[in-house]
1. If only one of A:Val136, A:Val126 is more than 29 Å from B:Cys542 (Cα to Cα) and modelled with pLDDT under 90, which one is it?
2. Would you mention how many residues in the stretch B:372-405 are without any contact (Cβ under 8 Å) to a residue 40 or more places away in the chain and surrounded by fewer than 21 Cβ atoms within 10 Å (Cβ to Cβ)?
3. Residue under question is B:Phe60, and the condition is that it be of a type outside the set (Lys, Arg) and not assigned by TED's automatic domain parsing to the domain that holds B:Pro220; does it hold?
4. Is there any pair with a first residue in the stretch B:536-552 that is under 13 Å from B:Phe717 (Cα atoms) and a second that is open to solvent by less than 20 Å² (accessible area, probe 1.4 Å) and in a helix (DSSP H, G or I) whose Cβ atoms are under 6 Å apart and which are 6 or more apart or on different chains, and what are they?
5. Any idea which of (1) within 10 Å of chain A (Cβ to nearest Cβ); (2) outside any loop (DSSP other than H, G, I, E, B); (3) at negative phi; (4) of a type outside the set (Val, Ile, Thr) is the one B:Phe323 doesn't satisfy?
6. Test each condition in (1) closer than 18 Å to B:Glu546 by Cβ; (2) in contact with a strand residue (DSSP E or B) (Cβ under 8 Å, 6 or more places away or on another chain) for B:Phe738 and report the one that comes out false.
7. Could you check how many residues of the stretch B:607-638 are out of contact with any helix residue (DSSP H, G or I) (no Cβ under 7 Å at 6 or more places or on another chain) and among the basic types (Lys, Arg)?
8. Answer with yes or no whether B:Leu311 is farther than 27 Å from B:Phe17 by Cα and within 14 Å of another protein chain (Cβ to nearest Cβ).
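The values are calculated or read from the model by the stated rules, or taken from the named source; none is laboratory data. Fair warning: this is a prediction, and the values are worked out from it, not measured in the lab. Methodologically, a virtual Cβ is constructed for each residue, glycine included, from the backbone with ideal geometry; neighbour enumeration extends over all protein chains shown. Remember, those area values only see protein heavy atoms, side chains included, never the ligands or the DNA or RNA. Shrake-Rupley method; radii C 1.70, N 1.55, O 1.52, S 1.80 Å.
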Amino acid sequence: MKWFLVILLMSFISEAQVKTQPVTIQADDTLVTPSVHSVVQRSPIAEIFQNVEHGLQNNAVDKFKKELGEIVSMTISSGDHGYYSANQAVLVLVGYFSERRLVSFKFSRIHEKDSAPYATGRFIYVQKGMQKSAQVYVSLTQQDSQWVISQFNIY
Amino acid sequence: MRDRIIRNVRPALWGFFVCVALAGALCAIRIFIPSYISHRWDAERSIRRSQNEQIIRNAFQSRVEQLTEILENVSVDTSLAASINLNGVPAALKAFHTLNFYRLHDDQTLDLVDPQGNPFAWNGPSIAHRYAEVLGQNPPEQFVRVTQNGLRTYLTVGRCLTSDKYYLMASEPLELNSPISNRFVQKVSLSEDLSQKLKVKVTLRIPQTTQPNQEELVIPIVDREGNTIVEFSIEEKTIESEIASIVEVYSMLIGFCFAFGSIFLAYAGTLWIARIRKDWIPTAVSILSLWLVRLVWREMEFPATIINGWLFNPNLYASPFVFGLSSSLGELILSMVTLAISTWLFFTHMIFNTQGEEVIARLGSRVKRIGAFIILFVIALFILWIFRGFSEALRSFVFDSTIRFNNPSEILLDGTSAIMHLNVLLLGVSLLCVSTVFLWMGRKILSIQFPSSELKIRILYIVFLLLCIPLFSWIDGTPQSQFFNAFLFITFSVVLVELLSRWDNSKIGVPSTKWRTVVSMVLGSFLLGVPMIHQRLQQRECREVEVVAKELSRPSDNWLTYVVLDGIRTSVEGLKDEFITNDIAEAKKTNLAFVLWTKTLLGKEGYNSALVLYDQKGDEVDRFVVGMSKPEQQEILTRVFEGEENSVHIIGRTGQKTLGKLYGAWITVRDSNEKFVGSLALLLSEHQKTFIHDQETEPLRQFGDRFENDIVREIAFHEFQMDTLIFSTGSKLTPDRFLSSTIEAELQKAPNAILWKDMRINGYETQTVFLRDMNSPEKIVSISLERLDVRWELFSYLKEFFICLGVLAAVGMYAFIRRRDRGVLPTLGFKGKLFLGFACITLLPLAVLSYYNKQLVAERVQEQVETTLYRELSQLQDRISTYITDEEDFVLGVDDDFCEALASEYSIDFSVYRNASIQASSRSELYRAGLLDGRLNGEAFTSSVLGRKSYFLTKEKIGSVEYAVGYAPISIAGSIVGVLAIPTLNREKEIESELAQRNAYVFGAYAIVFGIALVGGGLLALRFARPLRLLTLAAKDVSEGNLAVRVETHSRDEIGILARSFNEMVFKLQKSREELSKHERESAWKEMAKQVAHEIRNPLTPIKLSIQHVRQAFKDKAPDREEILQRVTQTVIDQIEVLSRIASEFSSFAKMPESKFERLNIDDLLKETINLFREIQGVSFIHTLASPMVMIVADRDQLRGVFINIIRNAIQAIQKAGTITAETSLEKHTCIIKISDTGPGIPEEIRTRIFEPNFSTKTEGMGLGLAIARRVIEDHGGTISCSSERGKGTTFEIRLPV
């Protein structure tokens, strides 16, 4: 029993040892810290947008949370807007989408060409028995030579 | 104790079972809900419909009734009707005065309308361009109308006030007709309120303006005449959504049951284990139970589902820590409380329980010295590892939150900030609990290995621990805190361990030690955690500044580019929806530009922007602008039309003393046949300006709020091209013209081309960031933040310290309640009262200061506002009067262009009214769009036009922003032709800034004073309390009998006098005691001598009597004289034996002979004693024997002595002749002996004293007889009493136990 508690305590403390720069967030909602000298490989632009699309279609933010940049600007139709850390942005989005049951979503426009790639699409959902829709806008920027999501607007 | 535990366990178990049963029942019901709903859906739907209809009608009716009530209150006011009967200005004045007397909500309006449909007097914004349209043709006596006017739909209730058809109307907005940003107009929506209430979509529509969908249920609201005023359409719920919402409710209830059930289970389990085990298991179970409850609450989302709001909103704070235990601020505080309690339980178990000692003793005895050091090394690494986690957690608190930790304009922290600081304290306390336990263990193990050298151990282990810090940093590789923080942490932990040892040795008691430990930990947590938070805040601020710098350096903003393109598309679609294209020329009449603008993101998001419509010839037909000046519009339009259509063109404006960029795009408009009918241009400004000229520019987006001290510190933006400064927004923070080569060189080498420097600019200390634009390397963007001085830091720490005090107060309250429940009333000593008194006296002025400070600042700023407004009004009045000479000049010359030109010249925005309507404005687009009311404010009209006052100030609102407006009349040749109005905004920020400055100056310094007062107060309290404490201890010694104690004092004050008086008193007490002892000894000897004498006399009496008897017998030649001689000699011999025994006892220790108890027949003894006195002449004896015979256990001699004494006294009392009666009896287990005489009796006052020693009414004797008799009887466990009657005799009753 004693050793079990010690192991439990140690595992709790290990969870507190988080690094946020750079961050890799895995599907089990824990933050893990890659080694200092490794560089996280980011997807090219289309793949990022694809991950976002799949994630929203399946109500699974974790499909694209690793694509989020260190600071993400978000404007949500529920009235919240601001700059959030990647950790916080994940949970804000999870909270937002958990209250809305998806009907359909697809990126209707993806602009990849210049230095400001973005994608936008209509998100149709049901909330409290009423069907509504919102427009989703995602744009990318370069961070440490990798493309990351820098803006996520729902309006 | 065991019974109490059992008593508490049972209710807890019952609670758990009830919760589980309830959850099970709800689960079962939930399964059947879909089928139940499906069966009843049709009936339910019709019931729901009629309920919804009723609710909607009631809601509408309630609004009507509110307005009707206002009308009734006003219409009974006779002064209003009377005012109509007057003429001219007095009539209007009276009417306005009456209407303005009534307090209305912001958007409510009261209008008094004349028979021609013109407003005669009003209070509130106008609801229509033409009131006659609202009244309609031949309006009834009372009416209800719903009308649309521009942005809003209004509800109006009217009543005819006079016979000549003056109508009084009360109105309020029901709906906002366009989905534009709250920044421009406050949202009012009855349909949305109803939608939220009914959980179905409700739409309000004016009949005949729009058609409902066929699937919608329409509810018409009709007036008394049967005309439909308004319609509400309801998009009903589907059965699936109904089921889903009910299932959601049940799921929530099931979650509650589990949440409460977990508490009961944990409580019961903990109590039960505590009953059966006394070792570490109960503590471990308690800790596990706490976390079990925590996890169940998290899983059931309790209490997040009840407490909806900011506390559980991840927008404030969110971190994906394990199991979502810190997914919001509310979850975080629950987790921190759980952690703090768990670690405290662990701490108290290890430190205050023998278990900890046993573990250490076992471990310490097994290891050698080297092993002890290895253990200490492991412990050091372990606690540094935990500290690393603590540092990371603090980083998350700052970086994963949008909380503003410190608002410098407020005296106290706000709710979110206070909770976050509380989290920091709790986490710090938890950290110190764990680290102290392990360090304490390490120290104890070292003490076991080095038992004799305490000081050596201390030095050794402190140095050892400190050396581990750099070692850990080296192992770690990416340290999460500075060396100083780790050093501080180790120091605190070591100090705590040492304090614990000292308190343990001083035996002050466990509760007191616990309380001191908690105080120390909370203070230590504050001193450790809060500075680390400040460090992180500074890092966050730097990161945010970098983001802003990057945005500024970017050629364009993704989002804004998209907004413009999307706006173009939406506008073109809107044109196709709204209009047949050949009506584009009619655009101005219908405000088409504004209508299209509201449909775009520009309107919804509230951006400063413009939409311009052109006809086929390219002439402008309509324009809507908000927040963009004409030069800005012109500049971007020129660029836009030089480029391609449907693509965004961007202009940077850094050379124009403004920041940010302008965006624009244009597109041709074609009809359904693809024929060209005109074009459309959309413009957007990146500035976050409001509606007032010369507003300071800020970056558009939200970082404006995030700089911690933005209202008190200057932030300046600069741009360098080829190392030369081309632009700076700073008024005092303008750097040198040329960038230094050092900075240029450092920037070359800086990672990501970002460089931070601490610089001095124009004498101000700043932190400045330099960022090279990678797309345009010769361009360097720079942002300077003014460094705040130490008083701001002090002020922040003071506010955060209040949280610390709050925690201590809460813990103190808890301890107080616990002790009171145990019956131990805690007391505050003199030292504590003194200290508390000092603290209160120091804190009280703070509260007073903060109140008056705020009042004073608000008043001062208000005065400044009024002074500025008055000056500006005067300036403009003078300027206008130079241009206009008559009314015609005024009507024709004062137009929008005129106003804009003057506004640019004076940097003042203003509007001009004529006849209570807007004539021209430097912000005309706001009036045309309906964002500002085109009718002159009623009070302003009364004051400036009717009252001819030269100045009037009022507060008005646009959107949610309140601002002040100054009004002044424009006169030509003595007659008022119009009214000038100047708004002033952004004063709130000035007030805040001024307040913040004052607070920091005053309270920052006050923090120092407060600290000194606390420390000084503590020292003084100690000093004053010390002599009193010494006095207390001395008094305690005296009470225990030590009279040799003295209190040392050298002071000459009252305390010194008290101490000297005390010493004197004790000295006298000592002397007096010594005398008393001597006296007592003497008394004791005297007493004893008396007793001895008395005891000796007892046997002497019978000897004397016997010899007298013999002499008499021989004198009388009694026949039995030989026999008498024999008997008497035996008696004499016996009594001589007694004497001898007394003498022997007395000679050995001068004490009376000890009692010799034996079983004897009381009657025999009594008879024997009586026989000694039978020969006395004149006394007869009657002896009644007890039946049955009474045997008692007594000392024969002593008892005989008692009887002799009593009988002798009786004989003496009789004097000449009498009878002495002796009788014995048995009553239950008591033998009663009564000896009565027939003497004269004993007076009452003497009788009560006869048993007192040394009391005697006789001239001879020492008055000890009866006293000794009483003592003897009491020694035998009995009682003796005396009753007497004057003239009849005295009876002595002796009761002895059998």
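1. Exactly one of A:Val136, A:Val126 is more than 29 Å from B:Cys542 (Cα to Cα) and modelled with pLDDT under 90, namely A:Val126.
2. 3
3. no
4. Going by the 6 Å Cβ cut-off, the qualifying pairs are B:Val548/B:Phe703.
5. Evaluating B:Phe323 over (1) within 10 Å of chain A (Cβ to nearest Cβ); (2) outside any loop (DSSP other than H, G, I, E, B); (3) at negative phi; (4) of a type outside the set (Val, Ile, Thr) leaves (3) as the failure.
6. Here B:Phe738 meets the rest and fails (1).
7. Adding up the residues that qualify gives 1.
8. yes
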